[in-house]
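Readers should treat all values here as calculations from the given coordinates under stated rules, not as data from a laboratory. Quantities reported herein were computed from a predicted structural model and do not represent experimental measurements. Heads up, the Cβs are rebuilt from the backbone with ideal geometry, glycines too, and the neighbour counts pull from every protein chain shown.
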Amino acid sequence: MIAGHLLAAGQVTSTAASVTFWVLAVISVAAGLGMVLARRAVHCAVLLAVVMLSLAILYAVAGAPFLAFVQIIVYTGAVLMLFLFVLMIVGVSTADSLRETIPGQRLAAGVAGIALLVLLSLIVGHAAIGPAAPAGPRYGVGNLRGLATLIFTKYVFPFEITAALLITAALGAMVLAHRERTTPKPTQRDLSRQRMAGGHPSPLPGPGVYARHNAVDFPALLPDGSPSELSVSPIIVARERDLGTGPAAALPAGGDAGNGTAGHQEQAGSAPEEARP
Amino acid sequence: MSPGNFVALAVILFVIGAVGVLVRRNALVIFMCVELMLNAVNLAFVAFARQHGNLDGQVIAFFVMVVAAAEVVVGLAILMAIFRARRSASVDDANLLKY
């Protein structure tokens, strides 16, 4: 039903079109400004999704229902999800520091932005942008057929080139994401030797106290009644110590016992921010 | 709705994206601002297609979307490679070619 509405959007009344336009214009500009101003990258991604969704509706209003759907599927669906995945790896919690590395950069950027706005406004103001062409069959249900005709006749060569571009991009991403193994992969024999030499051949004790609490941050009790620091992941211990709450925060400090310290390295998503000179 | 309004909105969004590219230092956010600029240009293409009453502008906007998708894939892969080597996504830290 929504699709039917969007397909018919080429012929919506001008009042509805202008109301939609002004509402979405305000929303998209506000979200765009928020994207530039938000300190956390996740907030930027969500605000960008708002901009893209409102642009998709604007495409539908402007008589491009196919582009509206492509916008939602490709941009909001694929590109933004890719952004969010990379954001998860690079570190969700990293916020931009407010310190300027180049003195006066923000002021200069603001001046350049205003200059660009004035320049583009002058160009657009001087251009004779006439009224919309009368709504023909191309802007309603015939939009898809018209686009297909154009893509497979007049623009068929650029369309074929697009295939080469996409394959090249996929290959490039694979090459860039590939990581050479610098050490040989440990075999099962190596792993078992390592475990026997590590002084802890048995599995580590699980967290929680039977019949009382089995949360992962709840240390198990040893026979003498003291909490076992081996039963809780060191990541959780470090986190709860930072927060100052939780049952794992009460574990003795520095009691990592040498296991799972690699987890600390992996967890250091927010470390680069502090490591900056 | 006049195409002029759409073009004006596209101009504003493009300027916001350009300022974002200049101001922000997280490479991911800069990428998002580039995407915003591409979207603004697409909106202008669609508006001009509406004005002229043909569909060529929409086809070009479609191609822009394809190129943007490819660009995002490669760009994010580069970003991941840099992050793996330098543990940072800030453009200030990628300064080995500076001197």
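Side notes on the structure shown:
- Burial ranking of peptide ranges A:118-124, A:23-29, A:192-198, A:46-52 (average Cβ count within 10 Å, highest at the top): A:46-52, A:23-29, A:118-124, A:192-198
- Only Cα pairs under 8 Å and 6+ residues apart enter the sum, and on that basis the relative contact order of chain B stands at 28 percent.
- Mean Cβ count within 10 Å, highest first, over the residues of peptides A:74-81, B:47-54, A:180-187, A:155-162: B:47-54, A:74-81, A:155-162, A:180-187
- Rounded to the nearest Hz, the phi-derived 3J(HN,Hα) couplings of region B:19-32 under the Karplus curve 6.51 cos²θ - 1.76 cosθ + 1.60 (θ = phi - 60°) are 4, x, 4, 6, 8, 6, 10, 6, 4, 5, 5, 4, 4, 4, where x marks glycine and proline.
- Reducing region B:73-99 and region A:175-227 to their Cα centroids gives an inter-centroid distance of 33 Å.
- Projected-area mean, chain B, by convex hull of Cα positions, square nanometres: 7.2 nm²
- Prolate/oblate/rounded call for region A:177-220, Cα gyration tensor, a/c under 1.5 rounded: oblate
- Whether region A:172-257 is rounded, prolate or oblate, judged on the alpha carbon gyration tensor where a/c under 1.5 counts as rounded: oblate
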